[in-house]
Structures are given as structure tokens and as C-alpha cells.
1. Would you pick out the residues in the stretch 11-25 that are within 8 Å of the chain's Cα centre (by Cα) and not small (G, A, S)?
2. Checking E9 against (1) touching a residue at least 40 places away in the same chain (Cβ under 8 Å); (2) surrounded by 11 or more Cβ atoms within 10 Å (Cβ to Cβ), which test does it fail?
3. Would you check if M70 is in contact with a strand residue (DSSP E or B) (Cβ under 7 Å, 6 or more places away or on another chain) and in contact (Cβ under 8 Å) with a residue 40 or more places away in the chain?
4. Hey, among the residues in the stretch 22-69 that are of a type in the set (D, E, K, R) and loosely packed, with under 12 Cβ neighbours inside 10 Å, which one's nearest to E9 (Cα to Cα)?
5. Going through V75, V34 one at a time, which residue ends up being modelled with pLDDT under 90, of a type in the set (V, I, T) and not in a helix (DSSP H, G or I)?
6. For S16, indicate whether it is modelled with pLDDT under 95 and not hydrophobic (A, V, I, L, M, F, W, C).
Amino acid sequence: MNDKSQTAENFLRRLSTRDFKTMGMNQMAYIREVKVDGQLSFAVHAADGTQLAVNDSAELAMASVLNNDMYPVTVH
């Protein structure tokens with residue numbers, strides 16, 4: 001392990017549960033397909049799962065993430 005990875009590991013080990021849960025909240029978002037009134041829509045969610053917006057297309061959802069200076073992430 002190098003110094004950089006040890007520093008990151010030490011940082012993560014010192015995080016409180018609360019801090020870990022909110023890590024990336026204002027920086028990351030994910031997009032998920034949802035049905036609204038029977039129509040396929042695309043919801044933007046914060047890192048903790050809070051729904052931030054609903055858009056008519058995946059492209060609009062991605063634009064809303066990027067326009068808010070957030071990074072889109074993939075969840076599996």
C-alpha cells in the first residue's frame with residue numbers, strides 16, 4: 001500500500017456514520033427510470049436517495065445533473 005492509499009484509508013476509517021452517509025451529497029447524483037402517471041420519466045436522486053427532480057427524458061435528467069455542477073454516477 002502506498003502513502004496516498006493509506007491516507008485515504010485512514011480518512012475513511014475516521015468518518016462517523018453520519019459523515020459517511022452524507023459524503024458526496026452535493027457532488028454526486030444518479031438517474032433512475034420512474035413511472036409518473038403511467039408515463040416513463042427519469043428521476044434525479046442525491047447520493048442518499050433523495051429525489052431531486054423528475055424529467056421527461058434521460059437527456060434532460062443528465063443535463064439537470066451537469067447544470068447543477070454534480071457528477072453523474074452509476075448504481076447497480
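1. M25
2. (1)
3. Yes: the conditions hold for M70.
4. My answer is D48.
5. Of V75, V34, the one residue that is modelled with pLDDT under 90, of a type in the set (V, I, T) and not in a helix (DSSP H, G or I) is V75.
6. Yes: the conditions hold for S16.
The values are calculated or read from the model by the stated rules, or taken from the named source; none is laboratory data. As the structure is a computational prediction, the values presented were derived from the model and not from experiment. No Cβ is skipped: glycine too gets one built from the backbone with ideal geometry, and neighbour counts run over all protein chains shown.
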